[in-house]
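The numbers here are math on the coordinates, done by the rules we state, and not lab data. For clarity, every value in this text was computed on a predicted model and none was experimentally measured. Because the Cβ atoms are built from the backbone with ideal geometry, glycine has one as well, and the counts that use them run over all protein chains shown.
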Amino acid sequence: MFSFDAQNTFASRCTIAFELNTNTSLWSPWKLWGVPPFVFNVSHIDPTMNKDTDTWNNRPAVGDWVATIEVGFDGVHEVNSSDVPCVKGDVDQYIAYPADVERDFGLTWYQVLEPYHGLFLDAYVE
C-alpha cells in the first residue's frame, strides 16, 4: 500500500509511474522472485490506510484499477496506467497486488528519488 499527496497545483492529469534502476553502481536495491510473468495491478483503496494495523488480510477495501505493471528479471518493465486524481492537498492511496492472486511471486525495492526507483505519481500540465 502506498500514498501520494499531490504537490503540483497546475497538473491537469496524473498517472502512476514505476521505475527500476538497474545500474548496480547506484544504490537502488530490488529483488524479484518466482516464475514469470511478473504482473501486478495497482488499485485505489479508501484513504484510511493505517501502517500500524493494516495487513494483507486486514486492509482497506480495494477500489478501481488504475495501473498494470509487468517486470522482468532484467528490470525491464512496462506500465499501463489510467489517469488518477492529483488535486493539491488531497491524499490518494493505492494497493499493488498480483494480477493473478493465485500466483506466487514477489517484488521488493527500496524507494529512492535519485535515481528514480519505485512507484511515483507523474503529473502532466496540458
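Between Val35 and Asp83, full extension at 0.36 nm per residue minus the direct alpha carbon distance yields a gain of 14.3 nm.
In this rough spin-label picture, where each label sits 7 Å from Cα along the Cβ direction, the Val101-Val125 distance is 4.1 nm. In vacuum, with every alpha carbon of the chain counted as one equal point scatterer, what does the Debye formula give for log10 I(q)/I(0) at q = 0.15, 0.19 Å⁻¹? Two decimals, please. Those come out to -0.76, -1.19, one per q.
Less than 15 Å Cβ to Cβ from Leu26, Lys/Arg counted +1 and Asp/Glu -1: what total charge do the surrounding residues give? Taking every other residue near Leu26 into account, the sum is -2. Sorted fewest first by neighbouring Cβ atoms within 10 angstrom, Phe105, Phe73 come out as Phe73, Phe105. By other beta-carbon atoms within 10 Å, ranking Trp33, Trp65, Trp109, Trp56 with the fewest at the front produces Trp56, Trp33, Trp65, Trp109.
Within segment 59-77, name every residue whose backbone N is under 16 Å away from a label modeled 7 Å from Cα of Met1 along the Cβ vector. Inside the label zone: 59-64.
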